[in-house]
Amino acid sequence: MPGIVGVHGVWNHLAGRTDEEAVRHYSEIWSGGLAHSLGDVTKAGIRAVYYASCLRVAYGQGAPDPETLDHVEQEWLREWDAALNPRVETGQGRALKPVRQIISGMARRGHLDERLTAAFVTVFLKEIKVYFDGRDPAPRQAARERVADAVRRERPSVLIAHSMGSVVAYEALWQNPDLKVDLLLTLGSPLGLPPAIFPRLDPAPVDGRGSRPPGVQRWVNIADPGDLVAVPRWLARSFDGIDEDLEAPIGVFEFHKVVPYLRCTQVADAVRPYL
């Protein structure tokens, strides 16, 4: 029986592979990441959830281009930038700034490659748009069912959710209160990001607060201080029921990848008691 189930984040669609092939691929990656800090964790079992194929996001040829962002996605980008730098400039000044200039500023402040940042930001916003599109709820529900089915089947002690996967896992656990996990570990989570994610969660925040899903015994959140996606970094400011809200510097050039998170000592310390 796997002791750990992992839920991937954005930009993880594997074209040309079946869902089961993708599960095996990501299970191996996550196992290798955790083994770096925990030793041989394969005996506990790690099973990845693959939901990227549910979102059906098309990016066209070449690297994802921020010029393809629609007006809603551009507004989310400006609000995202404002959350990252609330005192840098006025709302009017930010509203007039071109998309590429905003992304360039995000990359420069984070000491990141501008082209990679532009592609990542584009993918992130488009996957959010598909997930929260009220006109077609099917992708959102299908993604949540992937997580719920895995937890129900594998009965893990630990559910690790990275990036956008933390949103899918949070909603899946709330939608299925019978699901029980001893530890929910969120890594680089955008759960609190306004206005693209936080106010759109299901269930919706009450009086500006989200809360720990009922089947979760313990919730630990870990974020790199330079992670563009983990905004706001301290989830306990927006959610009740978080037992630990931690920082974990994973490296300036690894600002949002899951493997550096899985290798860090904070993750090992959180997971070790459940193995």
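The values are calculated or read from the model by the stated rules, or taken from the named source; none is laboratory data. Note that this is a predicted model, so its numbers are computed, not measured. A quick note on method: Cβ atoms are made from the backbone with ideal geometry, for glycine too, and the neighbour counts reach across all protein chains shown.
Run down Phe132, Phe120, Phe198 and say which single residue is within 25 Å of Arg233 (Cβ to Cβ) and modelled with pLDDT under 95.
None of the other options fit; the residue is Phe120.
Considering only residues of region 104-132 that are surrounded by 14 or more Cβ atoms within 10 Å (Cβ to Cβ) and of a type in the set (D, E, K, R), which is nearest to the chain's Cα centre (by Cα)?
So, considering only residues that are surrounded by 14 or more Cβ atoms within 10 Å (Cβ to Cβ) and of a type in the set (D, E, K, R), the one nearest to the chain's Cα centre (by Cα) is Glu127.
Among residues belonging to region 5-43 that are of a type in the set (Ser, Thr, Tyr) and farther than 22 Å from Pro64 by Cβ, point out the one that is surrounded by the fewest Cβ atoms within 10 Å (Cβ to Cβ).
At the first step, the residues of region 5-43 found to be of a type in the set (Ser, Thr, Tyr) are 18, 26-27, 31, 37, 42.
Restricting the remaining residues to those that are farther than 22 Å from Pro64 by Cβ gives 18, 27, 31, 37, 42.
Working: Thr18: 11, Ser27: 21, Ser31: 21, Ser37: 17, Thr42: 14.
Within region 5-43, the match that is surrounded by the fewest Cβ atoms within 10 Å (Cβ to Cβ) is Thr18.
For Ala119, only one of the following conditions fails: (1) assigned by TED's automatic domain parsing to the domain that holds His8; (2) part of a helix (DSSP H, G or I); (3) among the aliphatic types (A, V, I, L, M). What is its number?
(1)
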